[in-house]
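Q: Encoded as C-alpha coordinates, here's the structure I'll be asking about.
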Amino acid sequence: MAYKTLDDLGDVRGRRILVREDLNAPMAEGRVTDDTRLRAAVPTLAELADKGAIVLVLAHFGRPKGQPRADMSLQPIAAPLSDLLGRQVHFIPDCEGPIAEAGVGMLRAGEIALLENTRFHKGEEANDPALVAAMARLGELYVNDAFSAAHRAHASTEGLARALPAFAGRQMEAELAALQKALGAPEHPVAAVVGGAKVSTKLDVLNHLVARVDHLIIGGGMANTFLAARGVNVGKSLCEHDLTGTAEAILAAADRAGCTVHLPYDVVVATEFRPNPPTRTVNVHEVAADEMILDIGPAATEALADVLKTCRTLVWNGPLGAFETAPFDVATVSLARTAAALTAEGSLVSVAGGGDTVAALNQAGVADQFSFVSTAGGAFLEWMEGKDLPGVRALAG
(Lines give C-alpha, C1' and ligand atoms only; values in the text may rest on other atoms or scores of the structure.)
Protein backbone atom coordinates (compact mmCIF):
# COMPACT_ATOMS: atom_id res chain seq x y z
CA MET A 1 0.00 0.00 0.00
CA ALA A 2 1.47 3.35 -1.05
CA TYR A 3 1.19 6.23 1.42
CA LYS A 4 3.04 9.48 2.05
CA THR A 5 5.26 10.06 5.09
CA LEU A 6 6.82 13.10 6.75
CA ASP A 7 9.54 12.92 4.10
CA ASP A 8 6.93 14.02 1.55
CA LEU A 9 5.70 17.09 3.47
CA GLY A 10 8.03 19.69 2.01
CA ASP A 11 8.44 23.06 3.76
CA VAL A 12 6.07 23.18 6.72
CA ARG A 13 7.29 26.34 8.46
CA GLY A 14 4.27 28.19 9.81
CA ARG A 15 1.83 25.62 8.48
CA ARG A 16 -0.81 24.16 10.78
CA ILE A 17 -0.59 20.37 10.97
CA LEU A 18 -3.20 18.22 12.70
CA VAL A 19 -1.43 15.18 14.15
CA ARG A 20 -3.51 12.24 15.39
CA GLU A 21 -1.69 10.49 18.22
CA ASP A 22 -2.74 7.79 20.68
CA LEU A 23 -2.21 9.31 24.14
CA ASN A 24 -4.71 7.03 25.87
CA ALA A 25 -2.23 6.28 28.65
CA PRO A 26 -3.11 4.63 31.97
CA MET A 27 -3.70 7.19 34.73
CA ALA A 28 -3.99 7.08 38.52
CA GLU A 29 -4.94 10.08 40.63
CA GLY A 30 -4.48 12.39 37.66
CA ARG A 31 -0.97 11.17 36.83
CA VAL A 32 0.28 9.06 33.94
CA THR A 33 1.47 5.67 35.22
CA ASP A 34 2.85 4.34 31.91
CA ASP A 35 4.14 6.83 29.34
CA THR A 36 4.84 4.28 26.57
CA ARG A 37 2.34 5.83 24.17
CA LEU A 38 3.50 9.35 24.96
CA ARG A 39 7.10 8.40 24.19
CA ALA A 40 5.97 6.85 20.90
CA ALA A 41 4.53 10.22 19.86
CA VAL A 42 7.72 12.20 20.52
CA PRO A 43 9.64 11.58 17.25
CA THR A 44 6.85 12.87 15.00
CA LEU A 45 5.90 15.85 17.19
CA ALA A 46 9.52 16.91 17.72
CA GLU A 47 10.39 16.61 14.03
CA LEU A 48 7.44 18.73 12.93
CA ALA A 49 8.05 21.39 15.59
CA ASP A 50 11.76 21.50 14.73
CA LYS A 51 10.78 22.19 11.12
CA GLY A 52 8.70 25.17 12.23
CA ALA A 53 5.22 23.71 11.89
CA ILE A 54 2.35 24.69 14.16
CA VAL A 55 1.63 21.25 15.62
CA LEU A 56 -1.94 20.50 16.70
CA VAL A 57 -2.25 17.18 18.52
CA LEU A 58 -5.53 15.29 18.35
CA ALA A 59 -6.18 12.30 20.60
CA HIS A 60 -8.88 10.46 22.52
CA PHE A 61 -8.97 9.38 26.14
CA GLY A 62 -11.30 6.77 27.60
CA ARG A 63 -14.91 6.35 26.53
CA PRO A 64 -16.81 9.55 27.39
CA LYS A 65 -19.55 8.67 24.87
CA GLY A 66 -19.75 12.08 23.27
CA GLN A 67 -19.96 14.07 26.51
CA PRO A 68 -17.28 16.24 28.14
CA ARG A 69 -16.05 14.64 31.37
CA ALA A 70 -13.46 16.19 33.65
CA ASP A 71 -12.00 12.79 34.52
CA MET A 72 -11.34 12.11 30.83
CA SER A 73 -9.80 15.43 29.88
CA LEU A 74 -6.47 15.34 28.09
CA GLN A 75 -5.21 18.34 30.08
CA PRO A 76 -3.20 16.17 32.54
CA ILE A 77 -1.33 14.68 29.54
CA ALA A 78 0.12 18.06 28.49
CA ALA A 79 2.70 18.31 31.30
CA PRO A 80 4.27 14.82 30.95
CA LEU A 81 4.26 15.23 27.16
CA SER A 82 6.06 18.57 27.62
CA ASP A 83 8.66 16.86 29.82
CA LEU A 84 9.30 14.15 27.21
CA LEU A 85 9.57 16.67 24.38
CA GLY A 86 11.68 19.12 26.34
CA ARG A 87 9.42 21.99 25.24
CA GLN A 88 6.07 23.40 26.28
CA VAL A 89 2.91 21.71 25.05
CA HIS A 90 0.03 24.18 25.22
CA PHE A 91 -3.46 22.89 25.98
CA ILE A 92 -6.55 23.97 24.05
CA PRO A 93 -9.84 22.99 25.76
CA ASP A 94 -11.67 21.89 22.59
CA CYS A 95 -10.82 20.26 19.28
CA GLU A 96 -13.26 22.21 17.09
CA GLY A 97 -15.26 25.42 17.08
CA PRO A 98 -14.55 28.98 18.32
CA ILE A 99 -12.52 28.04 21.41
CA ALA A 100 -10.25 25.74 19.39
CA GLU A 101 -9.92 28.27 16.57
CA ALA A 102 -8.98 31.04 19.00
CA GLY A 103 -6.39 28.83 20.71
CA VAL A 104 -4.83 27.75 17.44
CA GLY A 105 -4.72 31.36 16.27
CA MET A 106 -2.43 32.28 19.17
CA LEU A 107 0.22 29.70 18.29
CA ARG A 108 3.48 30.55 16.56
CA ALA A 109 5.68 28.54 14.24
CA GLY A 110 7.38 25.65 16.04
CA GLU A 111 4.85 25.50 18.87
CA ILE A 112 2.84 22.44 19.91
CA ALA A 113 -0.66 22.33 21.34
CA LEU A 114 -2.67 19.40 22.64
CA LEU A 115 -6.38 19.71 21.84
CA GLU A 116 -9.11 18.35 24.08
CA ASN A 117 -10.41 14.77 23.84
CA THR A 118 -11.93 14.17 20.40
CA ARG A 119 -14.47 11.80 21.95
CA PHE A 120 -16.08 14.66 23.85
CA HIS A 121 -17.98 15.12 20.57
CA LYS A 122 -20.59 12.57 19.47
CA GLY A 123 -19.51 13.06 15.86
CA GLU A 124 -16.06 11.58 16.51
CA GLU A 125 -17.05 7.91 16.70
CA ALA A 126 -19.80 8.45 14.10
CA ASN A 127 -17.25 9.95 11.68
CA ASP A 128 -19.68 12.85 11.25
CA PRO A 129 -18.77 14.98 8.21
CA ALA A 130 -19.70 18.14 10.11
CA LEU A 131 -17.16 17.40 12.87
CA VAL A 132 -14.57 16.39 10.27
CA ALA A 133 -15.05 19.73 8.50
CA ALA A 134 -14.87 21.67 11.79
CA MET A 135 -11.61 19.98 12.81
CA ALA A 136 -10.19 20.29 9.30
CA ARG A 137 -10.64 24.08 9.48
CA LEU A 138 -8.01 24.14 12.23
CA GLY A 139 -5.25 22.75 10.02
CA GLU A 140 -3.82 22.63 6.53
CA LEU A 141 -2.26 19.15 6.60
CA TYR A 142 -3.02 15.92 8.46
CA VAL A 143 -0.63 13.36 9.93
CA ASN A 144 -1.84 10.06 11.39
CA ASP A 145 0.66 8.68 13.89
CA ALA A 146 -1.82 6.46 15.78
CA PHE A 147 -1.78 2.96 14.33
CA SER A 148 -3.43 1.73 17.53
CA ALA A 149 -6.57 3.70 16.61
CA ALA A 150 -6.39 2.91 12.87
CA HIS A 151 -8.96 0.11 13.07
CA ARG A 152 -11.63 2.70 13.86
CA ALA A 153 -13.26 4.77 11.12
CA HIS A 154 -13.62 7.86 13.32
CA ALA A 155 -13.58 11.52 12.38
CA SER A 156 -10.03 12.07 13.64
CA THR A 157 -8.62 8.80 12.26
CA GLU A 158 -10.34 8.33 8.91
CA GLY A 159 -12.42 11.41 8.11
CA LEU A 160 -9.59 13.92 8.37
CA ALA A 161 -7.33 11.77 6.18
CA ARG A 162 -9.84 12.28 3.38
CA ALA A 163 -10.49 15.97 4.12
CA LEU A 164 -6.84 17.15 4.13
CA PRO A 165 -3.58 16.08 2.46
CA ALA A 166 -2.66 13.06 4.61
CA PHE A 167 0.67 11.61 5.73
CA ALA A 168 1.89 8.85 8.04
CA GLY A 169 3.84 9.89 11.13
CA ARG A 170 7.05 8.18 12.18
CA GLN A 171 5.39 5.75 14.61
CA MET A 172 2.73 4.82 12.04
CA GLU A 173 5.44 4.42 9.38
CA ALA A 174 7.52 2.15 11.64
CA GLU A 175 4.48 0.10 12.58
CA LEU A 176 3.41 -0.47 8.97
CA ALA A 177 6.95 -1.33 7.88
CA ALA A 178 7.27 -3.89 10.70
CA LEU A 179 3.91 -5.47 9.96
CA GLN A 180 4.79 -5.74 6.28
CA LYS A 181 7.95 -7.62 7.24
CA ALA A 182 6.04 -9.86 9.64
CA LEU A 183 3.14 -11.02 7.48
CA GLY A 184 2.83 -8.85 4.38
CA ALA A 185 6.00 -10.05 2.68
CA PRO A 186 7.88 -12.05 5.31
CA GLU A 187 10.98 -14.15 4.96
CA HIS A 188 10.06 -17.81 5.49
CA PRO A 189 9.90 -19.93 7.54
CA VAL A 190 7.42 -17.86 9.56
CA ALA A 191 6.28 -18.74 13.08
CA ALA A 192 3.31 -17.24 14.90
CA VAL A 193 2.77 -17.47 18.65
CA VAL A 194 -0.89 -17.01 19.52
CA GLY A 195 -1.93 -17.20 23.16
CA GLY A 196 -4.70 -15.96 25.36
CA ALA A 197 -7.58 -17.29 27.37
CA LYS A 198 -10.17 -18.16 24.75
CA VAL A 199 -10.25 -19.49 21.20
CA SER A 200 -13.44 -17.50 20.62
CA THR A 201 -11.50 -14.21 20.78
CA LYS A 202 -8.86 -15.36 18.28
CA LEU A 203 -10.87 -17.36 15.73
CA ASP A 204 -10.31 -14.89 12.90
CA VAL A 205 -6.61 -14.64 13.77
CA LEU A 206 -6.11 -18.41 13.69
CA ASN A 207 -8.05 -18.88 10.46
CA HIS A 208 -6.05 -16.12 8.80
CA LEU A 209 -2.66 -17.33 10.02
CA VAL A 210 -2.84 -21.01 9.09
CA ALA A 211 -2.63 -20.12 5.42
CA ARG A 212 0.27 -17.68 5.91
CA VAL A 213 2.69 -19.11 8.45
CA ASP A 214 4.77 -22.27 8.55
CA HIS A 215 4.51 -22.83 12.31
CA LEU A 216 1.54 -21.90 14.49
CA ILE A 217 2.33 -22.09 18.21
CA ILE A 218 -0.84 -22.09 20.33
CA GLY A 219 -0.60 -21.33 24.05
CA GLY A 220 -2.59 -20.00 26.97
CA GLY A 221 -6.05 -21.23 27.88
CA MET A 222 -6.95 -21.51 24.20
CA ALA A 223 -4.47 -24.39 23.80
CA ASN A 224 -6.66 -26.42 26.16
CA THR A 225 -9.55 -26.26 23.69
CA PHE A 226 -7.28 -27.66 20.96
CA LEU A 227 -6.01 -30.37 23.30
CA ALA A 228 -9.60 -31.31 24.14
CA ALA A 229 -10.36 -31.46 20.41
CA ARG A 230 -7.60 -34.04 20.14
CA GLY A 231 -9.15 -36.15 22.88
CA VAL A 232 -7.05 -34.95 25.81
CA ASN A 233 -8.79 -34.73 29.19
CA VAL A 234 -7.83 -31.25 30.42
CA GLY A 235 -9.35 -31.63 33.90
CA LYS A 236 -10.80 -28.39 35.22
CA SER A 237 -8.65 -26.22 32.95
CA LEU A 238 -10.15 -23.21 31.21
CA CYS A 239 -11.55 -24.77 28.04
CA GLU A 240 -14.28 -23.92 25.53
CA HIS A 241 -15.60 -27.44 25.04
CA ASP A 242 -18.32 -26.14 22.72
CA LEU A 243 -15.60 -24.99 20.30
CA THR A 244 -13.71 -28.27 19.95
CA GLY A 245 -15.32 -28.75 16.54
CA THR A 246 -14.08 -25.33 15.48
CA ALA A 247 -10.62 -26.20 16.77
CA GLU A 248 -10.68 -29.41 14.71
CA ALA A 249 -11.61 -27.40 11.61
CA ILE A 250 -8.66 -25.03 12.20
CA LEU A 251 -6.31 -27.99 12.62
CA ALA A 252 -7.61 -29.48 9.37
CA ALA A 253 -7.16 -26.17 7.55
CA ALA A 254 -3.60 -25.94 8.85
CA ASP A 255 -2.90 -29.45 7.64
CA ARG A 256 -4.17 -28.59 4.16
CA ALA A 257 -2.04 -25.44 4.08
CA GLY A 258 1.13 -27.20 5.21
CA CYS A 259 1.20 -25.26 8.49
CA THR A 260 2.52 -27.18 11.50
CA VAL A 261 0.45 -26.51 14.64
CA HIS A 262 2.38 -26.83 17.90
CA LEU A 263 0.45 -27.73 21.06
CA PRO A 264 2.08 -28.46 24.42
CA TYR A 265 2.80 -32.09 25.27
CA ASP A 266 3.96 -31.42 28.82
CA VAL A 267 2.25 -28.87 31.04
CA VAL A 268 2.40 -27.32 34.50
CA VAL A 269 -0.75 -28.02 36.51
CA ALA A 270 -2.20 -27.06 39.88
CA THR A 271 -5.45 -27.71 41.73
CA GLU A 272 -5.93 -23.99 42.46
CA PHE A 273 -5.08 -20.80 40.66
CA ARG A 274 -3.13 -18.52 42.98
CA PRO A 275 0.47 -17.34 43.32
CA ASN A 276 2.94 -20.15 43.96
CA PRO A 277 0.59 -23.07 44.69
CA PRO A 278 1.81 -26.69 44.71
CA THR A 279 2.37 -27.68 41.06
CA ARG A 280 3.18 -30.73 38.96
CA THR A 281 4.76 -30.96 35.53
CA VAL A 282 3.05 -33.77 33.63
CA ASN A 283 2.39 -35.15 30.18
CA VAL A 284 -0.86 -33.69 28.80
CA HIS A 285 -2.44 -37.14 29.06
CA GLU A 286 -1.78 -37.23 32.82
CA VAL A 287 -3.79 -34.18 33.91
CA ALA A 288 -5.99 -35.19 36.88
CA ALA A 289 -9.69 -34.37 37.00
CA ASP A 290 -9.16 -31.75 39.74
CA GLU A 291 -6.16 -30.07 38.09
CA MET A 292 -5.91 -27.16 35.69
CA ILE A 293 -3.26 -26.46 33.05
CA LEU A 294 -1.62 -23.10 33.81
CA ASP A 295 1.58 -23.13 31.75
CA ILE A 296 3.48 -25.04 29.10
CA GLY A 297 6.07 -27.47 30.46
CA PRO A 298 9.86 -27.27 30.06
CA ALA A 299 10.16 -30.00 27.42
CA ALA A 300 7.57 -28.35 25.16
CA THR A 301 9.17 -24.94 25.75
CA GLU A 302 12.56 -26.27 24.69
CA ALA A 303 11.03 -27.84 21.59
CA LEU A 304 9.41 -24.50 20.68
CA ALA A 305 12.77 -22.78 21.09
CA ASP A 306 14.20 -25.26 18.59
CA VAL A 307 11.36 -24.37 16.18
CA LEU A 308 12.18 -20.66 16.42
CA LYS A 309 15.82 -21.42 15.63
CA THR A 310 14.70 -22.72 12.23
CA CYS A 311 12.59 -19.64 11.45
CA ARG A 312 13.36 -16.28 9.90
CA THR A 313 10.24 -14.38 11.00
CA LEU A 314 8.15 -14.40 14.19
CA VAL A 315 4.86 -12.66 14.98
CA TRP A 316 3.68 -12.93 18.59
CA ASN A 317 0.31 -12.15 20.19
CA GLY A 318 -0.58 -13.53 23.61
CA PRO A 319 1.20 -15.37 26.46
CA LEU A 320 1.80 -19.12 26.66
CA GLY A 321 0.55 -19.43 30.24
CA ALA A 322 -1.06 -17.46 33.07
CA PHE A 323 2.04 -15.26 33.09
CA GLU A 324 0.72 -12.64 35.53
CA THR A 325 0.80 -15.23 38.34
CA ALA A 326 4.05 -16.91 39.43
CA PRO A 327 5.27 -19.50 38.60
CA PHE A 328 3.13 -19.68 35.43
CA ASP A 329 5.22 -17.15 33.54
CA VAL A 330 8.19 -19.48 33.01
CA ALA A 331 7.38 -20.70 29.48
CA THR A 332 6.47 -17.24 28.15
CA VAL A 333 9.59 -15.63 29.62
CA SER A 334 11.84 -18.45 28.40
CA LEU A 335 10.55 -18.44 24.80
CA ALA A 336 10.58 -14.62 24.69
CA ARG A 337 14.24 -14.62 25.70
CA THR A 338 15.02 -17.18 23.01
CA ALA A 339 13.31 -14.98 20.42
CA ALA A 340 15.21 -11.93 21.67
CA ALA A 341 18.55 -13.76 21.44
CA LEU A 342 17.81 -14.93 17.89
CA THR A 343 16.83 -11.37 16.97
CA ALA A 344 20.05 -10.02 18.45
CA GLU A 345 22.15 -12.39 16.38
CA GLY A 346 20.31 -11.33 13.23
CA SER A 347 18.65 -14.63 12.36
CA LEU A 348 15.06 -13.64 13.26
CA VAL A 349 12.74 -10.71 12.57
CA SER A 350 10.47 -10.58 15.63
CA VAL A 351 7.28 -8.52 15.78
CA ALA A 352 4.95 -8.57 18.79
CA GLY A 353 1.82 -6.72 19.82
CA GLY A 354 -1.16 -6.66 22.16
CA GLY A 355 -1.39 -5.46 25.75
CA ASP A 356 -0.76 -8.81 27.45
CA THR A 357 2.08 -9.56 25.05
CA VAL A 358 3.85 -6.27 25.73
CA ALA A 359 3.44 -6.82 29.47
CA ALA A 360 4.87 -10.34 29.15
CA LEU A 361 7.86 -9.15 27.12
CA ASN A 362 8.51 -6.40 29.65
CA GLN A 363 8.34 -9.01 32.40
CA ALA A 364 10.92 -11.06 30.49
CA GLY A 365 13.05 -7.93 30.12
CA VAL A 366 13.24 -8.26 26.33
CA ALA A 367 10.66 -5.84 24.92
CA ASP A 368 13.43 -3.59 23.61
CA GLN A 369 15.23 -6.55 22.04
CA PHE A 370 12.47 -7.57 19.60
CA SER A 371 12.62 -6.10 16.09
CA PHE A 372 9.38 -4.25 16.78
CA VAL A 373 6.84 -4.21 19.59
CA SER A 374 3.52 -2.64 18.69
CA THR A 375 1.77 -0.38 21.18
CA ALA A 376 -1.53 -1.26 19.50
CA GLY A 377 -4.08 -3.67 20.89
CA GLY A 378 -7.23 -3.97 18.81
CA ALA A 379 -5.58 -2.67 15.64
CA PHE A 380 -2.75 -5.21 15.92
CA LEU A 381 -5.26 -8.00 16.41
CA GLU A 382 -7.37 -6.91 13.43
CA TRP A 383 -4.22 -6.72 11.31
CA MET A 384 -3.43 -10.31 12.35
CA GLU A 385 -6.97 -11.20 11.27
CA GLY A 386 -6.23 -9.80 7.81
CA LYS A 387 -8.81 -7.04 8.14
CA ASP A 388 -8.69 -3.71 6.35
CA LEU A 389 -7.85 -0.88 8.78
CA PRO A 390 -9.79 2.28 7.84
CA GLY A 391 -7.22 4.69 9.25
CA VAL A 392 -4.46 3.08 7.21
CA ARG A 393 -6.55 2.69 4.06
CA ALA A 394 -7.42 6.41 4.15
CA LEU A 395 -3.73 7.34 4.10
CA ALA A 396 -3.43 5.60 0.75
CA GLY A 397 -6.15 7.81 -0.71
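The values are calculated or read from the model by the stated rules, or taken from the named source; none is laboratory data. Since the structure is predicted, the reported quantities are computational estimates derived from the model, not experimental observations. Ideal geometry is used to build each Cβ from the backbone, glycine not excepted, and the neighbour counts take in all protein chains shown. Calculation scope for accessible area: heavy atoms of the full protein, side chains included, ligands and nucleic acids excluded. Shrake-Rupley method; radii C 1.70, N 1.55, O 1.52, S 1.80 Å.
Q: Quick one: which residues, 5 or more positions from residue 92 or on another chain, have an amide H under 5 Å from its amide H? H modelled 1.01 Å from N in the peptide plane, none for Pro or chain starts.
A: For residue 92, whose amide H was placed from the backbone, the distant partners under 5 Å are 114, 115, 116.
Q: Quick check for you: with a 1.4 Å probe and neighbouring chains kept, what is the accessible area per residue of segment 126-262, in Å²?
A: 35 Å²
Q: Taking just the alpha carbons, could you work out the radius of gyration and Dmax for segment 23-145, both in angstroms?
A: Using the Cα atoms of segment 23-145, the pair Rg, Dmax is 13.8, 36 Å.
Q: Roughly speaking, what is the centre-to-centre gap between segment 130-182 and segment 81-122 when only Cα atoms are used, to the nearest Å?
A: 17 Å
Q: OK, next. Taking amide hydrogens as modeled 1.01 Å from N in the peptide plane, which residues meet the under 5 Å criterion relative to residue 54, leaving out close sequence neighbours?
A: Result for residue 54 returns 14, 15, 16, 17, 110.
Q: Using only alpha-carbon positions, what ratio does the radius of gyration of segment 250-335 give when scaled by 2.2 N^0.38 Å?
A: Details: Rg = 14.2 Å, N = 86, 2.2 N^0.38 = 12.0 Å.
With N residues counted in segment 250-335, Rg over 2.2 N^0.38 Å equals 1.18.
Q: Okay, moving on. To the nearest Å, what is the center-to-center distance of segment 288-324 and segment 342-395, using C-alpha atoms only?
A: Centre-to-centre (Cα) distance: 18 Å.
Q: Let me ask something else about it. When the C-alpha atoms of the chain are aligned to their principal axes, what extent does each axis show, in angstrom, from largest down?
A: 71, 42, 38
Q: Which GluC sites (Glu not before Pro) from segment 1-56 combine a DSSP loop assignment with at most 13 other Cβ atoms within 10 Å?
A: Hits after loop and neighbour filter: 29.
Q: Express the carbon and sulfur contribution to the solvent-accessible surface of the chain as a percent, rounded to the nearest whole number, probe 1.4 angstrom. Present the calculation step by step, with values, prior to reporting the outcome.
A: On the way: 7890 of 15940 Å².
Ligands and nucleic acids excluded, carbon and sulfur give 49 percent.
Q: Sticking with the crude label model, points 7 Å out along Cα→Cβ, report the distance from residue 241 to residue 272 in nm, one decimal please.
A: Placing both labels 7 Å beyond Cα along the Cβ direction yields 2.4 nm.
Q: What translational diffusion coefficient, in µm²/s and rounded to a whole number, does the Stokes-Einstein relation yield for segment 183-328 at 20 °C and a viscosity of 1.002 mPa s, taking the hydrodynamic radius as the Kirkwood radius over Cα pairs?
A: 140 µm²/s
Q: Set the Förster radius R0 to 35 Å, insert the Cβ-Cβ distance between residue 11 and residue 200 as r into 1/(1 + (r/R0)^6), and round the FRET efficiency to 0.05.
A: Given R0 = 35 Å and the Cβ-Cβ separation, E is 0.10.
Q: What lysines sit close enough to residue 198 to cross-link, taking a C-alpha to C-alpha distance under 22 Å and skipping anything fewer than 8 places away on the same chain?
A: Filter leaves 236, 387.
Q: Compute the Rg to Rh ratio over segment 256-397 from the alpha carbon atoms, using the Kirkwood formula for Rh, and round to two decimal places.
A: Here Rg/Rh amounts to 1.02.
Q: Quick one: 3J(HN,Hα) in Hz for segment 319-325, Karplus 6.51/-1.76/1.60 with θ = phi - 60°, rounded, Gly and Pro as x.
A: x, 7, x, 7, 5, 5, 10
Q: Which residues in segment 330-349 place their backbone N less than 15 Å from a point set 7 Å from the Cα of residue 279 along the Cα-to-Cβ direction?
A: 330-336
Q: Could you report the accessible area of residue 16 in Å², rounded to 10, computed with a 1.4 Å probe on the protein chains as they sit in the structure?
A: 70 Å²
Q: Reachable lysines from residue 122, Cα under 19 Å, same-chain residues fewer than 8 places away excluded?
A: Cα-Cα hits under 19 Å: 65.
Q: Grab the beta carbon distance between residue 312 and residue 130, set R0 = 56 Å, and tell me the FRET efficiency rounded to 0.05.
A: Efficiency, rounded to the nearest 0.05: 0.70.
Q: Trypsin sites (Lys or Arg not before Pro) within segment 223-306: which are DSSP loop residues with at most 16 other Cβ atoms inside 10 Å?
A: 230, 236
Q: Could you give the accessible area per residue of segment 335-374, probe 1.4 Å, as a whole number in Å²?
A: On the way: 1470 Å² over 40 residues.
Heavy-atom accessible area per residue stands at 37 Å².
Q: Another question about this same structure. Can you pull the accessible area of residue 309 for me, 1.4 Å probe, Å² to the nearest 10?
A: 120 Å²
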